[in-house]
Amino acid sequence: MKLQTKTNIGIISVFLILGVSAAFMTFKWQNDHAIKAAENRVRLYIRAGWEIYNSKIERIQATLKVLAEDQRLQRLLRDHADGALLDEVLSELQAIRSDQNMDILNVLDSSGRVILRTRHPEMRYDQVSDDPMIRKVIKERRGCGGTVLLDEKRLGAEGQDLVQWCTRYGGEAEGMMTGAAVPILRNGKLIGIIQMGNLLNGSVEKVDRIRDSLFENEQYDGKPVGTATVFMRDLRISTNVLDQNGARAIGTRASEEVADRVLGKGLSWTGRALVVNAWYLSQYDPIRDPDGRVIGMLYIGSLEKRYLDQRSRAVFMNLAIVFGGMVLAMTVFFLIMRTILSPIRRLYRATRRLSKGDLSHRIEVRSRDEIGELSDSFNYMAEQLLEDQLKIQQSQAELERRNEELRVTNRNYMEMLGFVSHELKSPLGSAVLGVYSVKDGYLGTLSEAQQRILTSVASSLDYLNEMIKHYLDLSRLEKGELKINKRIVRLKEEILEPSIQGLMPSLEDKQMTLESDVPELFALCCDPQAMRIVSENLLSNAVKYGKTGGSIHVSAMVCGDQAVFTVMNEGEGIARDKLDLLFRKFSRIDQPNTAGKKGTGLGLYICREIVEQHGGKISGESVAGKWTRFTVSLPGAVTIH
Amino acid sequence: MIKTKARILVVDDDVQHVDTVKTLLESVGYSVDYAYLPEKAIEKAKSSPPDLILLDVMFAGPPGPDGVETSRRIHADAALKKVPVIILSGVRKVLDLPFKLEPDDEWMPVTAFLEKPVKPDKLLAEIARALGK
């Protein structure tokens with residue numbers, strides 16, 4: 001793997017881990033924070049809702065306080081029968097009720113009996129002291145505002161139209177009223193009570209005011225951003241939540257879960273609530289009457305989708321920032337890596353060129369950092385290599401020149417050797433013929449002494465002949481004139497027999513027998529003339545160093561893809577450690593059994609050269625005192641016809 | 001030993017060699033004539049055809065035909081066509097010459113090829129064999 005790939009993978013992994021962690025943290029924080037913020041917001045909304053809810057009550061209370069000070073009202077309480085006064089007060093109070101848009105405005109005596117009912121003046125003197133608001137005023141002699149439930153009897157007392165009104169929205173002949181009652185005091189003594197209130201059933205003024213001040217009647221995604229509802233017990237009696245048909249969802253009920261907690265336990269309920277068809281972050285607060293009994297609920301809901309979308313936007317923004325940052329960081333990193341890696345790559349290319357032999361290539365050093373130092377070192381190394389190469393080339397040229405000189409000298413020497421040897425052959429020819437003619441008795445009988453001397457001379461001439469032959473062969477080999485022209489050759493007919501012919505006299509002299517089990521048709525692939533030199537040398541050695549009266553054995557065989565032939569003779573043999581020396585040029589082994597036998601030390605060297613030029617091998621083995629055997633193996637197409 | 005006195009023409013530029021061969025051959029009963037140059041040998045053979053020619057291959061002296069060429073010319077003469085030729089040369093068979101030198105009736109009348117130095121037994125045996133043909 002390339003360095004760049006490694007660093008890329010490494011840094012991308014680091015960035016990915018960082019990025020994913022950052023994204024996860026952001027998401028988690030946003031999530032927690034957004035929900036908490038939304039819940040807090042709903043809590044604030046409901047507090048504000050309560051302020052609006054209560055401010056109306058306080059306003060009623062304030063109005064009532066002013067009325068309670070009215071002298072005519074006090075007089076009327078002292079004398080109910082004053083018809084003229086009653087009419088005057090009634091018409092005034094009716095005007096106030098109408099002006100304030102109130103449902104009831106009653107004047108009661110100190111026991112809670114209705115003295116004057118502005119809605120239905122004909123109905124009076126009924127007892128309403130079971131109204132917790134009234135009860136509280138009687139008991140504590142001070143004003144009381146709040147919300148109370150009005151049962152069917154009380155509603156009926158206030159007016160049958162109110163009973164009908166309430167049943168229209170809930171089916172229950174019960175009403176929920178906000179309002180206040182204020183004591184009418186004279187000299188610190190309770191003489192009556194004035195009560196004013198408004199039925200919440202079906203009235204939307206309060207909830208719409210709450211909604212409008214908190215949410216400005218805003219729409220989000222086709223749905224109101226916030227809604228407010230007043231429940232009588234669990235019944236929606238005043239709401240701006242719309243049902244599927246777009247009508248206010250008055251008359252529907254709250255969920256059991258909410259009712260249990262708020263109505264049953266008197267606690268607030270905060271959470272997500274499915275309101276008709278959308279999720280709202282909601283809070284339900286209990287509404288209590290002056291006795292502290294839970295009689296209904298105030299609900300404020302804020303559309304959840306708005307928060308979720310806000311959160312999504314925030315998360316998206318954060319992710320965009322994180323990933324944007326990552327991309328930016330990676331880009332910067334890759335740019336830096338490139339500036340670091342490109343000189344390394346230049347170095348790599350330079351080393352490749354160097355290894356391919358381009359020693360003249362240098363790296364441009366652009367920086368003074370470690371890479372720059374490395375490039376410097378590289379250039380220095382290349383410089384040194386170039387110098388060394390030049391030196392080597394010079395000494396090689398010198399060596400070449402000397403070798404050439406040596407070759408010329410050697411060739412000259414060999415030319416001369418060949419020439420001299422060749423020139424020697426002619427006089428040697430007549431000398432051998434002459435000496436042998438005399439020695440063999442063609443020119444008359446010899447004395448024993450004459451015979452001995454001539455035999456010795458003849459032997460010297462034979463050695464001289466052998467020497468000349470070897471020197472001629474050597475000269476040819478060294479001059480590279482010996483060309484190997486291979487063809488399929490019959491070993492026995494073309495090589496062994498001509499070689500043996502010339503050796504017959506020596507064989508007879510030493511009374512040796514020559515056995516051959518070479519098949520007539522055994523063939524090998526070689527240059528017949530060259531191979532004849534080999535066989536002549538091996539055979540003449542066998543005769544020369546063989547035991548007098550012993551035997552020479554020639555055999556041939558196919559061994560794998562090699563043609564092998566061996567020449568073996570009985571005799572003293574050769575020490576094993578000296579066998580290899582035999583194949584060296586001018587090698588002569590000093591052994592007792594070779595003493596007095598002349599040799600040029602070239603025969604086996606010539607044999608080895610010729611065999612090796614055929615791609616073959618020659619080797620010798622020997623058992624001291626018993627036999628010596630030379631083996632020639634030649635490769636190539638071997639066929640036995 | 002030899003019933004008819006066969007005539008042998010020895011052709012060689014080595015005076016000592018000619019002398020030795022002549023002495024040996026005459027001692028065993030042959031009649032010997034000789035020439036030192038190929039042209040002379042061809043001339044002698046034509047004027048008086050021998051029974052056998054003993055011929056060297058390489059000749060020193062002025063440029064002229066070599067032994068092989070000489071034997072061809074002799075062979076070309078109708079009167080000498082049947083005369084056997086034995087080559088006796090210092091040339092090492094084959095190695096020194098760029099062409100085939102095995103005795104072959106087809107292209108030259110050489111019956112034997114002997115390499116110097118030759119021993120009298122071998123020389124006499126080859127001459128007897130060639131004459132007996």
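Readers should treat all values here as calculations from the given coordinates under stated rules, not as data from a laboratory. None of these values were measured; they are calculated from a predicted model. No Cβ is skipped: glycine too gets one built from the backbone with ideal geometry, and neighbour counts run over all protein chains shown.
Seen from all directions on average, the protein assembly as shown presents a Cα convex hull projection of 73.1 nm².
For the residues of B:19-27, the average number of beta carbons from a partner chain within 10 Å of their own beta carbon is 4. Mean per-residue shielding of peptide A:432-444 is 6, counting Cβ atoms of other chains within 10 Å of each Cβ. Helix A:448-478 and the longest principal axis of the C-alpha atoms of chain A enclose an angle of approximately 30°. Rounded to the nearest 10 degrees, the inclination of helix A:370-439 to the longest alpha-carbon principal axis of chain A is 20 degrees.
Dividing the helix sum by the residues of chain A, where each DSSP H run of 4 or more adds -39500 (n - 2.57), gives a mean residue ellipticity at 222 nm of -18000 deg cm²/dmol. Note on A:473-480: average number of Cβ atoms from other chains within 10 Å of each residue's Cβ is 1. A DSSP coil position with no more than 13 other Cβ atoms inside 10 Å describes the following trypsin sites (Lys or Arg not before Pro) in the range B:54-92: B:LYS81, B:LYS82. In loop segments of the range A:141-216 as defined by DSSP, the trypsin sites (Lys or Arg not before Pro) with at most 16 further C-beta atoms inside 10 Å of their C-beta are A:ARG141, A:ARG142. Each of the GluC sites (Glu not before Pro) that DSSP puts in a loop and that has at most 16 other Cβ atoms within 10 Å breaks chain A; the longest unbroken stretch is A:219-363. Counted without the sites themselves, the longest stretch of chain A free of chymotrypsin sites (Phe, Trp or Tyr not before Pro) in a DSSP loop having at most 15 other beta carbon atoms within 10 Å is A:126-585.
Centre-to-centre, using Cα atoms only, the range B:13-84 and the range A:371-401 are separated by 71 Å.
If you find the alpha carbon centre of the range A:409-425 and of the range A:1-23, how far apart are they in angstrom? About 81 Å separates the Cα centre of the range A:409-425 from the one of the range A:1-23.
Between the range A:139-218 and the range A:443-465, what is the C-alpha centre distance in whole Å? First find each Cα centre; the distance between them is then 171 Å.
Can you give me the angle between helix A:603-613 and the longest principal axis of chain A, using Cα atoms only, in degrees from 0 to 90, rounded to the nearest 10? The two axes meet at around 40 degrees. With each label modelled as a point 7 angstrom along the Cα→C-beta vector, the A:HIS33-A:THR339 pair spans 3.5 nm.
Taking a ≥ b ≥ c as the square roots of the eigenvalues of the Cα gyration tensor, an a/c ratio of 1.5 or more together with a/b no larger than b/c marks the range A:477-519 as oblate.
Would you mind classifying the range A:47-306 by shape? Square roots of the alpha carbon gyration tensor eigenvalues, ordered a ≥ b ≥ c; an a/c under 1.5 is rounded, otherwise it is prolate if a/b is larger than b/c and oblate if not. Prolate, since a/c reaches 1.5 and a/b exceeds b/c. Estimated at 0.36 nm per residue, the fully extended path between A:LYS2 and A:LEU16 surpasses their Cα-Cα distance by 3.0 nm.
Of A:HIS470, B:HIS17, the sequence from fewest to most neighbouring Cβ atoms within 10 angstrom is A:HIS470, B:HIS17. List, in the order given, every pair from B:LYS22/B:LYS44; A:LYS469/A:LYS626; A:LYS479/A:LYS578; A:LYS439/A:LYS492 whose Cα-Cα distance in the structure shown is over 26 Å. The pairs that break the limit, which is 26 Å between Cα atoms, are A:LYS469/A:LYS626; A:LYS479/A:LYS578; A:LYS439/A:LYS492.
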